[in-house]
Structure formats: structure tokens, C-alpha cells
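Remarks on the structure that follows.
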Amino acid sequence: MNGTLYIISAPSGAGKTSMISKLLETLNDAEMAVSHTTRPAREGEVDGKHYHFISADDFLNDVHEDKFLEHANVFGNHYGTSKAAVEVLLEKGVDVILEIDWQGAKQVRDLMPEALSIFILPPSKAELENRLRGRGTDSDEVIAKRLGQSCDDIKHYDEFDYVVINDDFETSVKQLKSIFHANRATLKKQQEKNKSLLDELTL
């Protein structure tokens, strides 16, 4: 049985990364796709685990050879998701998660329309601002800019298959997990996974 490609997007401050980390603690046969990037590795980051760190020339060559499902330039650094790496995991029956923005999500859906997409929303604008301020590392100017960008990102929620509102964290993670379990129970997935059993039961 092939795995499913999941796209998970959210505005900054919605809690997407924390939710995905918690999800992966208890969900079997699911992995995050490891992106390629041209930015230098930060302290503690491991090549091949956090990112695949490559040169700008190699990245642009891969773009030219159409090796990425999606790619973007963020503050002067390139980021992209390898087609081949995702396909290998899917063929092993692993569900693959892409944690990307709505622009990247659109690129992936154009190439792989069978992918399922999930958008995570905050419970309110006020709570979104509280979460952005709660990091305690940014100036008011930076927070205002991020809040404006987040509000722009939110306008694209209706391009996604599922929406999860991250109000209560534990409840939201359960809702996220239920999407994966429900998809694994579809007729198509069960026919692929349990063909022998279904053939026996229907003789």
C-alpha cells in the first residue's frame, strides 16, 4: 500500500510545528519530508535529519532538472522538497508530511493532486498576536509585520481539504491525527492493504 502525501500549512503563530511534532510521537508509518536548503546549518542541526544542506549552485541545478516538488526563496536562502525522496517513502507505505506555506502547497497540488492538504488556524486574531508576542524575541515592528503576513496567509485557508482550529492544543492534535486515521480507513486504502483478507471474506 502506498502512503499518502499530506501538506500541512498555517500562518506563523498558529502552532503548526508543535502540533506536527506531537502528532508524530504517536502516529506510526508517518514521517516529515526533509527539505533541501542553501542556508548554513545552525548549531545542533544535522545534515539529512533537519535539512539537506547543499550549495546554491547545486540547488539551482536541481531546480533546472525539475527535481523539486516545490521550492522557494526565503530571505535570500533557497528551500525545496525533493520529488525522489518523497516518492521513495510513499512507495514504502509511509505517509509523508510536508510542512510548507500556501504557495508551496499550491505547487505540490499542481504536481500531485492526490495529496491531502490541511490548514491550521488560530482561534482568533488576538490569540494569534499573543502567541507571536509570547516568543519574547521580536520587536513590536517585527511582530506587526508577522501578524500582517499571517493574516494574509489565513485568507488562503479555503484552498485546503481540511481545516483544524488550534484552540485547545491536545484536542487539536487529536483532530489532526483523526484525519490520518480516517484516510487510512477509506475503501481504496483498505483494498490495497488488506486485499487477501477481503478476497477471503468475499469468496
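At-a-glance table
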item: In region 160-190, the residues that are assigned to a helix (DSSP H, G or I), touching a strand residue (DSSP E or B) at 6+ places or on another chain (Cβ under 7 Å) and crowded, with 17+ Cβ neighbours inside 10 Å; result: Ser172, Gln175, Leu176, Ile179, Phe180
item: Pair list, Cβ < 6 Å and 6+ apart or interchain, from region 36-64 residues that are touching a residue at least 12 places away in the same chain (Cβ under 8 Å) to residues that are hydrophobic (A, V, I, L, M, F, W, C) and surrounded by fewer than 13 Cβ atoms within 10 Å (Cβ to Cβ); result: Thr38/Ala56; Phe53/Ala41
item: Check on Lys83, under 13 Å from the mean Cα position of the chain (by Cα) and not β-branched (Val, Ile, Thr); result: no
item: Residue satisfying condition, being within 22 Å of Asp167 (Cβ to Cβ) and not in a helix (DSSP H, G or I), within set Ile120, Ile143; result: Ile120
item: Residue within region 94-105 that is under 21 Å from the mean Cα position of the chain (by Cα), in a loop (DSSP other than H, G, I, E, B), exposed (fewer than 15 other Cβ atoms within 10 Å of the Cβ) and at negative phi present; result: no
item: Count of region 69-93 residues which are surrounded by 13 or more Cβ atoms within 10 Å (Cβ to Cβ) and either in a helix (DSSP H, G or I) or among the acidic types (Asp, Glu) (or both); result: 7
item: Test: Ser124 is in contact with a helix residue (DSSP H, G or I) (Cβ under 7 Å, 6 or more places away or on another chain) and hydroxyl-bearing (Ser, Thr, Tyr); result: no
item: Hits in region 26-75 - residues which are at pLDDT 95 or above, among the aromatic types (Phe, Trp, Tyr) and farther than 21 Å from Asp110 by Cβ; result: Phe53
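The values are calculated or read from the model by the stated rules, or taken from the named source; none is laboratory data. The model shown is predicted, which means the values in this text are computed figures rather than measured ones. Every residue, glycine as well, gets a Cβ built from its backbone with ideal geometry; the counts of neighbours run over all protein chains shown.
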